[in-house]
Amino acid sequence: MEFSTSTSTSLPSVKTQALAVGVFKDGILSPAADILDQASKGAIRSVVQSEFDASPGSVLCLHAPAGIAASRVILLGLGAQDTLNAATLRQAHLAFAHYCVQANVSTAFSTLCSLKCPDASPTTLARLCASAFCTAVYRYDETFSHAKPAIKLRSLTLHVARNQTTHAKEGMAQGAAIGSGINLARLLGDLPPNVCTPSYLGQTARDLAKQFKTLKAEVLDQKKIEALNMGSFLSVARGSAQPPAFIVLRHTPSQAVARKAPPIVLVGKGITFDAGGISLKPGPAMDEMKFDMCGAASVLGTLRAVAQLDLPREVIGIIPSCENLPSGSAVKPGDIITSMSGQTIEVLNTDAEGRLILCDALTYAERFKPAAVIDVATLTGACVIALGHVNSGLFTRDDALAADLLAAGRQALDPAWHLPLDDAYQDLLKSNFADMANIGGRPAGSITAACFLSRFTGNYRWAHLDIAGTAWLEGKQKGATGRPVSLLTHYLLGQCQ
Ligand code: BES
Ligand code: MN
Ligand code: ZN
């Protein structure tokens with residue numbers, strides 16, 4: 001997708017296949033819609049009155065209205081004028097892009113980003129609209145026998161005031177990078193688990209490093225993982241015929257920065273299929289456990305965005321990846337394993353495997369003397385019960401880090417909710433036979449999972465995002481969402497100010 005800005009002073013003479021204007025409830029036209037209405041001798045007002053309720057996300061197409069150079073004018077509903085916000089404008093751009101895809105349009109022009117929006121700066125608005133446009137052209141077609149016709153949509157121009165051009169261009173570049181990162185994360189999530197294996201994730205990291213010169217990939221194999229004494233990670237990998245991979249993908253800004261800040265480390269859970277292991281999961285919807293690598297996918301997607309923007313900050317992605325399957329060599333309930341940190345763990349449920357692979361990655365992260373470590377994981381079904389599919393769960397004892405991540409999530413429209421991590425919950429992880437058990441029972445399941453991870457993060461600032469409810473959609477819309485690539489990239493952009 002190509003992005004550009006226009007400061008044209010004559011909207012009726014803009015040449016594009018689809019020219020989008022906003023319309024509010026009660027027949028209120030945006031300034032751009034009003035200009036086109038006058039140029040077309042009332043064509044817009046009349047159709048709005050007869051058949052357009054302007055509810056958010058609604059779309060109506062006027063073909064080649066007289067007096068207007070564009071091949072189509074697309075009316076985008078924005079709801080009530082006094083409640084206009086960034087979420088509505090993003091939704092309108094998504095609907096616009098979907099319309100363009102379905103109508104085989106290749107060039108699109110939007111006037112919506114010149115509207116005053118109370119909860120987003122012009123840069124943020126351009127960023128959100130560009131990333132929405134990018135993600136609207138995502139379509140999974142890797143594993144069908146018949147090729148689908150190609151999507152033609154290839155450019156979006158945003159109409160902005162002359163003095164906003166720099167801001168809009170900057171926001172669009174960021175949105176394009178975020179959109180590509182989201183789409184990469186979605187594709188990795190959507191691919192079947194017999195294709196997207198630990199080795200496939202490793203190859204994806206290597207491919208990214210080939211594509212972006214600021215990235216360096218390192219993929220540690222079984223032998224190297226053994227040499228690091230990652231006994232906890234390896235206990236999960238043991239049940240599978242697929243070899244595990246420990247991926248390190250590092251972005252070093254191309255311009256040497258004046259005073260080098262310590263890196264920010266992102267850790268992603270990369271279970272490419274979670275059958276539960278010996279503590280086997282029930283059959284229904286088990287296919288969805290191919291999405292159990294969405295934390296890893298979001299880390300790769302974020303690194304892709306970071307590299308495309310050549311962010312002036314060192315960022316390191318760490319991904320422990322393996323399958324969790326039952327077999328004669330699989331870890332068993334009752335087994336006691338020794339983590340890289342030296343702490344011993346009694347495995348009471350082999351389905352609580354995410355924390356077992358993450359704990360060794362969190363120990364590994366210490367070597368980078370990071371400014372902060374953020375892990376991202378489809379960690380607990382309990383988090384889906386607590387927060388549904390709206391908010392990702394955020395766990396941290398660092399209030400400043402929490403504030404930064406929550407603000408990033410709000411700005412990105414990729415929200416998270418701060419959940420508690422009191423020491424009092426730690427008691428639930430007591431074991432009679434090891435330093436800790438890997439489960440804490442049913443109460444507060446997401447919190448005890450975070451408590452488990454916290455025991456490996458003593459030496460740096462740390463936050464944990466449980467994305468079990470937000471990483472993918474179920475049912476008819478089944479597919480990966482690419483969350484929280486946008487939250488993470490917004491956070492990292494904020495750390496570069
Ligand atoms: N990957 C799952 C978490 C999950 C379950 C995410 C359903 C999304 C939907 C994780 O590995 C898991 O199985 N967790 C267990 C932990 C339990 C055994 C303490 C869970 O949530 O049931
Ligand atoms: Mn599991
Ligand atoms: Zn899992």
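Using the Karplus curve 6.51 cos²θ - 1.76 cosθ + 1.60 with θ = phi - 60°, work out ³J(HN,Hα) for each residue of the stretch 197-206 in order, rounded to whole Hz, and write x for Gly and Pro.
9, x, 5, 5, 4, x, 5, 4, 4, 5
Could you please tell me the mean projected area of the C-alpha convex hull for the stretch 2-159, averaged over all directions and given in square nanometres to one decimal? Could the numbers behind the result be given before it?
On the way: hull surface 37.2 nm².
Average projection, Cα convex hull of the stretch 2-159: 9.3 nm².
Just the number, please: Stokes-Einstein D of the chain in µm²/s, Kirkwood Rh from C-alpha pairs, 20 °C, 1.002 mPa s. Intermediate values should be presented prior to the final figure.
On the way: Rh = 23.7 Å.
D, rounded to a whole number, is 91 µm²/s.
Along the Cα→Cβ direction, 7 angstrom out, place labels at K281 and K430. What is the inter-label distance in nm?
Label-label distance for K281 and K430, simple model: 3.2 nm.
Hey, what angle do you get for helix 294-308 against the long axis of the chain, alpha-carbon based, 0 to 90 degrees rounded to 10?
Relative to the chain, helix 294-308 is tipped by roughly 60 degrees.
What pairs in K216/K269; K216/K332; K213/K476 have C-alpha atoms more than 31 Å from each other?
On the way: K216/K269 20 Å; K216/K332 36 Å; K213/K476 39 Å.
As for pairs spanning more than 31 Å Cα to Cα, those are K216/K332; K213/K476.
Kindly provide the helix-only [θ] at 222 nm of the chain, computed as the sum of -39,500 (n - 2.57) over DSSP H runs of four or more divided by all residues, to the nearest 500 deg cm²/dmol? Numbers along the way, then the final one.
Details: 14 runs with 171 residues, N = 497.
Taken over the chain, the calculation gives -10500 deg cm²/dmol.
Let me know the charge dipole size of the stretch 2-159 about its Cα centre in debye, to the nearest 20, where only the beta-carbon of Lys, Arg (+1) and Asp, Glu (-1) is charged.
Details: 12 positive and 10 negative charges, 73 e Å.
So the magnitude is around 360 debye.
Given charges of +1 on the Cβ of Lys and Arg and -1 on the Cβ of Asp and Glu, with all other atoms neutral, how large is the dipole of the chain about its Cα centre, in debye to the nearest 20?
Working: 43 positive and 40 negative charges, 283 e Å.
Roughly 1360 debye for the chain.
Values quoted throughout were computed directly from the atomic coordinates according to the rules given, and no laboratory measurement underlies them. Since the model is a prediction, treat every value here as computed from it, not as a measurement. FYI the Cβ positions are ideal-geometry reconstructions off the backbone, even for glycines, and counts take in every protein chain you see.
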